[in-house]
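The values are calculated or read from the model by the stated rules, or taken from the named source; none is laboratory data. What you are looking at is a predicted structure, and each value in this text was computed from that prediction instead of being measured. Every residue, glycine as well, gets a Cβ built from its backbone with ideal geometry; the counts of neighbours run over all protein chains shown.
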Amino acid sequence: GQNIDQPTEMTATEGAIVQINCTYQTSGFNGLFWYQQHAGEAPTFLSYNVLDGLEEKGRFSSFLSRSKGYSYLLLKELQMKDSASYLCAVPNDYKLSFGAGTTVTVRA
Amino acid sequence: GAGVSQSPSNKVTEKGKDVELRCDPISGHTALYWYRQRLGQGLEFLIYFQGNSAPDKSGLPSDRFSAERTGESVSTLTIQRTQQEDSAVYLCASSLARAPEQYFGPGTRLTVT
């Protein structure tokens, strides 16, 4: 089975940096996803890491360490629109197993 | 192009009634998934379709839940004799065959009173 843990809530100031950690325990590993979900909306794809290391995509970066079962999503230069829930997910063959999500609140 | 669409966006029903939720996947996506998201919780996998067949129904919480897909397109999730614990957002996603990235619809918010 899958066990995926991430913090419930984080608060940060506009312009700051926030790091959302995700730890996982899986029977097999086929990569790790990060999704963003604004309240009442569909989750939208942010990143997919298969290999160890940091992948940067604009203000968002995602890091993976397979040996440690650990990933983080780094949000830089925070904007008010970044207030959302961030979901860590691990594929289990064809389906995704999700963490409970981290609600990020950006304050002015 | 058009994304995944779901209808209705909101549904309020009385306990004991049946409900039907609809999902229109992205054209050409042969894989389709249903998930449930309860308030404050992560997404739970319900069922997966590859084409019209459902090789994995393991996530369906009870025999009151069923789903079908016709024409490798539209899927419907049916919940019979709804209970209050069925209240949740039901999300549909689709993907290309064997592709890891899933594209989600906006969900149907179901409230059972």
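Rundown of residues vs (1) under 11 Å from the mean Cα position of the chain (by Cα); (2) more than 25 Å from A:Thr8 (Cα to Cα), yes/no style:
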site	(1), (2)
B:Ser7	yes, yes
B:Val12	no, yes
B:His29	no, yes
B:Trp34	yes, no
B:Leu46	yes, no
B:Glu72	no, yes
B:Thr78	yes, yes
B:Asp86	no, no
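Under the condition of being at the interface with another protein chain (Cβ under 7 Å from one of its Cβ atoms) and either more than 13 Å from the chain's Cα centre (by Cα) or in a strand (DSSP E or B) (or both), the residues counted in segment B:93-107 number 4. Would you confirm whether any residue within segment B:62-78 is of a type outside the set (S, T, N, Q), touching a Gly at 6+ places or on another chain (Cβ under 6 Å) and within 14 Å of another protein chain (Cβ to nearest Cβ)? No, the conditions are met nowhere in segment B:62-78.
Scanning segment A:43-78 for residues that are closer than 21 Å to A:Glu9 by Cβ and either touching a residue at least 40 places away in the same chain (Cβ under 8 Å) or more than 13 Å from the chain's Cα centre (by Cα) (or both) yields A:Pro43, A:Leu46, A:Arg59, A:Tyr70, A:Ser71, A:Tyr72, A:Leu73, A:Leu74, A:Leu75, A:Lys76, A:Glu77, A:Leu78. For segment B:39-55, a tally of residues being within 9 Å of another protein chain (Cβ to nearest Cβ) and over 27 Å from A:Cys22 (Cα atoms) returns 2. For segment B:81-89, the criterion of being in contact with a Cys (Cβ under 6 Å, 6 or more places away or on another chain) and either at the interface with chain A (Cβ under 10 Å from one of its Cβ atoms) or modelled with pLDDT of 95 or more (or both) is satisfied by no residue at all. Restricting B:Ser66, B:Ser53 to residues that are at pLDDT 95 or above, closer than 23 Å to A:Asp93 by Cβ and among the small types (Gly, Ala, Ser) narrows the list to B:Ser66.
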